[in-house]
Every structure is written in structure tokens, then in C-alpha cells.
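Heads up: the structure comes next, in C-alpha cells.
The values are calculated or read from the model by the stated rules, or taken from the named source; none is laboratory data. Values in this document were obtained by computation on a predicted structure and should not be read as measured data. Counting neighbours? That spans all protein chains shown, and the Cβs are built from the backbone with ideal geometry, glycine included. Accessible surface is based on the protein model in full, side chains and every heavy atom, while ligands, DNA and RNA are left aside. Shrake-Rupley method; radii C 1.70, N 1.55, O 1.52, S 1.80 Å.
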Amino acid sequence: MPAARGLASASPIPQIARMGTPPSSSEIAPAPQPRRVFLLGATGTIGRATLRALNRRGHEVVCFVRPRARAGLELAATKSLLAGVTVRFGDVADPHSLASDGFCGERFDALVSCMASRTGAPKDAWAIDYQAHANALAAAQKAGVTQVVLLSAICVQKPLLAFQHAKLAFEKALIDSGLIYSIVRATAFFKSLSGQVERVKRGKPFLVFGDGTLTACKPISDDDLAEYLAECLGNENRCNAILPIGGPGEAITPRQQGEHLFALLGRAPRFRHVPLALLNGVVGVLGGLGHVIPAAAEKAELARIGRYYATESMLVLDPQSGRYDAARTPSTGTQTLFDYYAGLVDGSAAAERGDHAVF
Ligand SMILES: NC(=O)c1ccc[n+]([C@@H]2O[C@H](COP(=O)([O-])OP(=O)(O)OC[C@H]3O[C@@H](n4cnc5c(N)ncnc54)[C@H](OP(=O)(O)O)[C@@H]3O)[C@@H](O)[C@H]2O)c1
């Protein structure tokens, strides 16, 4: 279908509600029982927000990070990113480092992990999403931890990709461990749905697969998800539970994202429709090359990740019908993707690119 050029007038600009700021410490009641928390992934998007949420509740947090965190940030920069909290440096892939540099023979009440492979490539996924977590679980048990809060992803309910199998393998290890677990399977983050804002601002069309309604999600903000994760600690309703979670409001398709973005810019919507066959072709070619060239095998998996997000919704999957069900996907929080888009358009918010964003 051609892009919708030549429309006479743009859609009216909708009422813009600005993104609420996260609650301050004075708005959040301290946790009835402050915990000593060992936090993994504190330098990542959700990890940073979760650290803030845990601090707001008065928990005592120790972050365990790798020295050269965030792809090249120096040690000093990592320290300033996590200023004011206890940061310990070491290698989560090494059980010895976890024990001696991380837990340091001390007692902890809880392990909270927002850590994940940054690429999703099979080797990295099994090393981090599974093995490093298994190491941390064993060390946490020795340190007296009784509850583990794990950030996972809603897409593991239909596992077709290596990183999903790695995440599921650790979910199972955690459930089998006998510790109290809260496995939070989140839907799409704002950063993963904002990759096209800049190109559309520059006058380019919004790219969609098919007609732009193949998939839908309930986007969740970093702070809303972080609040949800922090509230798992000591919350009986979230103990020994797998918790799918999305943000507030209705499920949104890529087409609706584009339409809203154009409305905010005061322009007529322009879409470019990318055929799924193109993505299938890329996956096929790279998959074929991957049998002889290892680097191509890794690229093929990244292309498969792209195709997965282009064709599967980030909503609860009804096992009976095999359909995604927005009504059965729980919501939390107050911040909406469209408020975030408004901030990106007027410059009051800054975009962070998702590692797995397709466009
Ligand atoms: N993007 C989405 O829309 C979405 C939706 C639902 C669920 N999720 C899931 O949410 C989780 C977190 O997402 P995010 O966006 O917050 O992740 P992120 O920003 O990529 O952060 C990943 C964190 O893991 C750490 N990490 C990665 N490899 C490591 C290693 N080898 N050693 C030590 N630490 C390592 C990173 O540390 P460095 O800073 O040192 O790299 C960082 O702190 C992922 O499991 C993802 O699958 C994502």
C-alpha cells in the first residue's frame, strides 16, 4: 500500500498531557520492612529506574556492576552514574568474583535483577540471561537471601529465540530453588517504541510491517515498571508468582503510534509499508550463510529477533485460542507512551534507543 501522501490537512494536535515525574521519596511510604538488596543490572535502563525506586522505599541497595559498564563508560563515569549508592565492581559470570567482590561474605535479604544480555545473541544470552543469573542465585542463597525479583520479558511465553530460552531456563531454576520468587514479565518499553521519532521529525515516513496492525502492546515506562518491581519486595500478592505487566491504557499498534506522532507534529500521517517477506528473506539468507560463517549466524539471530517483534504482540497469550489478549494483560502505572512522544517532540524528554528496536 502506498504511503498516505497528499492529504489536505494534518490531524489536529491532541491534548498533550506531559509525562508525570516519578514519585519523590516523600510521596512514597517507606517499606514497612526495609531490606538489604543486592541489585544486578543497575546501569541499564530499567536497572537505573529500579535503583531509584528501591531507594525511595528506604531499602539498602548494593549494586554489583562490571567495571567498564555501558559499552565503554569508564569506572569513574559508572561511579557518578550510581552516585550515592554502594557500588561494587566485579564479574557476574565468575562465581568467585560474585562471592568475593559482590556479596563479600555479608548477609542480604533480597536479590533484584534487571540484568540482561545487551545483544540477545545466543552466546551472550546463555552467558548472562541464564548462567550469570544462576551464579548469582547460588551466591545469593549462601548470603541468606529469601526473595528474588527478576525482570523478565512477556515474550518468553512464546519462545522462538535463543535469549527467550535462556531466560526461561533461569526462570525455571529460580522457581526450583525454593526461594520466594517474583518473575516480572514486562511488555514493551518506551525506548523500544521510539526509534522512529527522530526520522519522522526530519520529515520521513513512519515505517510499519504489513498494514501496521499486525502487533500491539501496552507500553510501560521505566519508572512505572521500576515501581512495580520495587513493590514486589515483601508483597505477598507478588510472591511465588509469574507477573505479566504492561503500562496504563489500551493496547497500541504500530500504526496508532505513527498516527499519534504525526498528530503531535501537526502533519498528515505518512506510512511506508515494509513487506514481511523482506524480513523473511533477510532471515533466510543470513541463516543459510550462518551454516558456514559464524558471524552471519549471529546476525541471522538478530534478524529473527527483529522479525519476532514485527509479528508477535507483547500481550498475554491466551493458551486456548493462541491469540494475544489485551484484556488479560494487567496494567500498572500512570505514564503513557503518547505523553513520552510529546516530550520527545517538544524536546523535554530525551530518547534512549532500544537495543532490539527494529526501526
Ligand atoms: N526493551 C523492551 O521493550 C523490553 C520489554 C520487556 C522486557 N525487556 C527485558 O528487560 C530486561 C532489561 O532491559 P533494559 O532495557 O533495562 O536492559 P539494558 O538497558 O540493556 O541493561 C542491561 C543491564 O544488564 C547488564 N549487563 C549486560 N551484560 C552484562 C555482563 N556481561 N556483565 C554484567 N552486567 C551485564 C548491563 O550492564 P552494562 O551497563 O555494563 O552493559 C545493564 O546494566 C531485559 O531482560 C529485556 O529482555 C525488555
In Å, descending, principal axis extents of the Cα set of segment 100-217: 57, 27, 25
For the chain: span of alpha carbons on each principal axis (Å, largest first): 68, 56, 47
Debye log10 I(q)/I(0) at q = 0.29 Å⁻¹ for segment 117-167, Cα point scatterers: -1.07
Area accessible to solvent at Thr334, 1.4 Å probe radius, in Å²: 110
Leu317 - accessible surface, heavy atoms, 1.4 Å probe, Å² rounded to 10: 40
Accessible solvent surface per residue of the chain, calculated while the other protein chains remain in place, 1.4 angstrom probe, Å²: 45
Computed over the chain: relative contact order in percent, which uses C-alpha pairs under 8 Å that are six or more apart: 21
Label-point separation, Asp94 to Thr311 (7 Å along Cα→Cβ), nm: 4.2
Using alpha-carbon coordinates, inclination of helix 337-346 to the longest axis of the chain, degrees: 70
In degrees, nearest ten, helix 276-290 long axis to first principal axis of the chain (Cα): 50
Accessible-area composition of the chain, carbon plus sulfur, in percent [1.4 Å probe]: 55
Filter on Lys142/Lys218; Lys158/Lys204; Lys167/Lys201; Lys167/Lys218 - keep pairs with C-alpha separation over 31 Å: Lys142/Lys218; Lys158/Lys204; Lys167/Lys201
Principal-axis tilt of helix 133-142 within the chain, Cα atoms, nearest 10 degrees: 30
Cβ-placed point charges (K, R +1; D, E -1), dipole of segment 228-272 about Cα centre in debye, nearest 20: 440
Cross-link reach list, aspartates and glutamates versus Lys299, counting only Cα pairs under 17 Å and skipping chain neighbours closer than eight places: Asp124, Asp355
Solvent-accessible surface (1.4 angstrom probe) belonging to Phe163, in square angstrom, nearest 10: 10
